[in-house]
Amino acid sequence: MIKEIARDSCSSTRLGTRRYSGDDTQSGCGTQANTYSDRTRSQGASSDPGEGSLARRLNGRQLYVWHHAQAIAAIDLCVVPTLTFERLFAFLVLGHGRRQLLWFEVTRHPTAEWLARQITEAFPWTSAPAYLVRDNDRAYGDVFKSRVRAMGIRDRPISPGSPWQNAYVERLIGTVRRECLDRMLVFGAAHLRQILSAYAAYYNEVRTHLALGKDAPLGRAVQRSGVIVAIPILSGLHHQYVRI
């Protein structure tokens, strides 16, 4: 199995050895990341340092975000070109607590009215977070700000030119690009929604995170018995390793 996953890491996506170690842990094998590092290095793959240790020293803002993670959501827009050179915008909403992709939608013109409607759809009834972190894009106009205030959410735009202050959702966008969009040909808005829907299910239910102790955002039970099989996701772009 280790050889199979190592081959997969060399031939498909650069997900990093710790990510594959997380998949192996959920399959009940518990192989250390160094084993994958040795195996992939011998086959010409690079060793990704992964997400790093959460025990590293935090500054004041990072420490605040860490302590209030369950009450924070972050949003951002991701530009996606299509096969016909059309420019689409994917709106992503991320929950800090479990790194869960809470909502996504696609549009050609992200107006303040459209963004306000997406916030309402993402957080129905009493599920709204206490804080919403976003950048200073002009698309977040007065209509959007009024909707956020009406929902009882504290709007927290980051400082101009400081994307690191919204690091979690920036990391998410980078992950979506590296693991999905950069390897797919997008034909239009409907096709992009289909791709993101499949990837969101993989990201929330299957993909392991070091910050979650090698668990998935929605939780993934450790399987300890049965034969290990690989289930292709997104036409084989990714695989889920399970026991049956």
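Every read-out reported here was derived from the displayed coordinates using simple, explicitly stated rules and does not represent laboratory data. All figures in this text were calculated on a predicted structure; none of them were measured in a lab. Cβ coordinates were reconstructed from backbone atoms using ideal geometry, including for glycine residues, and neighbour counts include every protein chain displayed.
Points worth noting:
- Between ALA190 and VAL222, full extension at 0.36 nm per residue minus the direct alpha carbon distance yields a gain of 8.0 nm.
- Under-5 Å amide H pairs with ARG154, H placed in peptide plane, nonlocal only: TYR131, LEU132
- 3J(HN,Hα) along segment 182-192, derived from phi through the Karplus expression 6.51 cos²θ - 1.76 cosθ + 1.60 where θ = phi - 60°, amounts to 5, 10, 10, 9, 9, 8, x, 5, 4, 5, 5 Hz, with x in place of Gly and Pro.
- Once the Cα-Cα distance is subtracted from the 0.36 nm per residue extended length, the TYR131 to THR111 segment shows a gain of 5.1 nm.
- For segment 81-91, 3J(HN,Hα) computed residue by residue from phi via the Karplus equation (6.51, -1.76, 1.60; θ = phi - 60°) reads x, 9, 5, 9, 6, 7, 9, 10, 10, 9, 9 Hz, glycine and proline entered as x.
- Modelled label positions at ARG183 and SER197, each set 7 Å beyond Cα in the direction of Cβ, lie 2.2 nm from each other.
- Net length available on complete extension from SER159 to HIS67 is 31.1 nm, with 0.36 nm assigned per residue and the Cα-Cα distance removed.
- Calculated FRET efficiency, ARG243 to THR120, Cβ-Cβ distance, R0 = 45 Å: about 0.65 to the nearest 0.05.
- Estimated FRET transfer efficiency (ALA211, ALA150; beta-carbon r; R0 35 Å; 0.05): 0.60
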